[in-house]
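Only one structure is covered here, and it is reproduced in the block below.
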Amino acid sequence: MKITDLKMYHIKPRWLFLKIETDAGICGWGEPVVEGRARTVETAINEYRNILIGANPLQIEHLWQLMYRGTYYRGGPVFMSAISGIEQALWDIKGKYYNMPVYELLGGAVRNKVRMYGHLKPTAHAGDFPVESMLEITDKRLEEGFDVVKYSIIPPIRPIDNMEMVDKVVERFAAIRERVGKSVDIAIDFHGRVHKPMAKVLAKKLEEFDPMFIEEPVLCENMECFKE
């Protein structure tokens, strides 16, 4: 079996999907995308064509190493997202080829269910909205059976860099905790919108409300701050 083509599909507003075709009629799908950089990732994928076209799609590790180590510059969100989406599609092909779920190829199922959280926003990327509306959504998530909810820091988009903005985030989080009590876990996503020194301050202020986890406390470029 050989790879014959790579086809990409842009889905509004910002998604990119990859279809890898083979001469055996088996195709695989992956999602190689960096938010807001779909065209850039598409270019990176096309630059791997010389490695992939004509190759055996079942040799996933071999192809991964060629893509990663085959150029002088490595890593970064664009290259790694391109490779990741390609690898997803290759595993999809391999699962179909052996007629079994990919999780079986990777060692078998680990659990029968996964705990999920409900998002406390009308849509995944909505603008600002009143606390009352957010609490209404909280009630809806509880009615749906969720025992974990997640609140994302919402606009302004600029970094949260003063105590007034910090206190507004804390007040909103506190309102959720008061609504759900202690039997429900609450997570919070900083969205990288908190200035480095303020991220530690905000996390400390949230401690009394027992956040389950903090997502993206700082931007990924500030890796040295994550440990602290």
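The values are calculated or read from the model by the stated rules, or taken from the named source; none is laboratory data. Not measured: the values here are computed from a predicted model. Heads up, the Cβs are rebuilt from the backbone with ideal geometry, glycines too, and the neighbour counts pull from every protein chain shown. All accessible areas refer to the heavy atoms of the entire protein, side chains included, with ligands and DNA or RNA removed. Shrake-Rupley method; radii C 1.70, N 1.55, O 1.52, S 1.80 Å.
Numbers at a glance
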quantity: Hz values of 3J(HN,Hα) by residue in the stretch 18-30 - Karplus curve (6.51, -1.76, 1.60), Gly and Pro given as x; calculated: 10, 10, 9, 9, 10, 6, 8, x, 9, 10, x, 10, x
quantity: Accessible surface of the stretch 29-157, 1.4 Å probe, proportion on carbon and sulfur as whole %; calculated: 53
quantity: Helix 77-97 axis, angle to the chain major axis (alpha carbon atoms, nearest 10°); calculated: 60
quantity: Under 5 Å, built H, 5+ apart or other chain: amide partners of THR22; calculated: THR4
quantity: At R0 = 35 Å, FRET efficiency that the Cβ-Cβ distance of THR71 and VAL201 yields, to 0.05; calculated: 0.25
quantity: HN-Hα J in Hz across the stretch 190-195 - Karplus 6.51, -1.76, 1.60, θ = phi - 60°, x for Gly and Pro; calculated: 6, 6, x, 9, 10, 4
quantity: Relative contact order, percent, the chain [alpha-carbon distance under 8 Å, six or more residues apart]; calculated: 14
quantity: Residue-count net charge about ALA82 - beta-carbon cut-off 15 Å; Lys, Arg +1, Asp, Glu -1; calculated: +2
quantity: The chain - accessible surface per residue (Å², probe 1.4 Å); calculated: 60
quantity: FRET efficiency, 1/(1 + (r/R0)^6) with R0 35 Å, evaluated for ARG14 and ASP167 via beta carbons; calculated: 0.60
quantity: Antiparallel %, DSSP beta bridges [both residues in the chain], to 5; calculated: 50
quantity: Acute angle (nearest 10 degrees) that the helix 196-206 long axis makes with the longest principal axis of the chain, alpha-carbon atoms; calculated: 60
